[in-house]
């Protein structure tokens, strides 16, 4: 089990407990970012050894902070 954090700009796009699809975006530099589809939230930058292998996850929690909204997504890894 692995939990990752994704930044979401607007609330109300997804709900806690919802299953989501995750897509990978890569650059030639060996750095990867991930999207909760359809472009709901974005991850930070991951190196090759930190890559997310799962393409589906479940939203455990939606956090509201001064900087915006964050999804905590549980991945089966």
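The values are calculated or read from the model by the stated rules, or taken from the named source; none is laboratory data. Model, not experiment: these values are computed from the prediction. Cβ: placed from backbone, ideal geometry, glycine included. Neighbour counts: every protein chain shown.
Numerical summary
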quantity	calculated
Filtered residue count, segment 28-38, keeping only those that are assigned to a loop (DSSP other than H, G, I, E, B) and touching a strand residue (DSSP E or B) at 6+ places or on another chain (Cβ under 8 Å)	2
Filtered residue count, segment 38-50, keeping only those that are farther than 15 Å from residue 4 by Cα and either buried (at least 17 other Cβ atoms within 10 Å of the Cβ) or within 13 Å of the chain's Cα centre (by Cα) (or both)	2
Members of segment 41-77 that are touching a residue at least 24 places away in the same chain (Cβ under 8 Å), in contact with a strand residue (DSSP E or B) (Cβ under 6 Å, 6 or more places away or on another chain) and not in a strand (DSSP E or B)	43, 51, 52, 54, 55, 77
Tally, over segment 1-22, of residues that are surrounded by fewer than 10 Cβ atoms within 10 Å (Cβ to Cβ) and either in contact (Cβ under 8 Å) with a residue 12 or more places away in the chain or closer than 22 Å to residue 77 by Cα (or both)	4
Test: residue 25 is part of a strand (DSSP E or B), modelled with pLDDT under 95, touching a strand residue (DSSP E or B) at 6+ places or on another chain (Cβ under 8 Å) and surrounded by fewer than 13 Cβ atoms within 10 Å (Cβ to Cβ)	yes
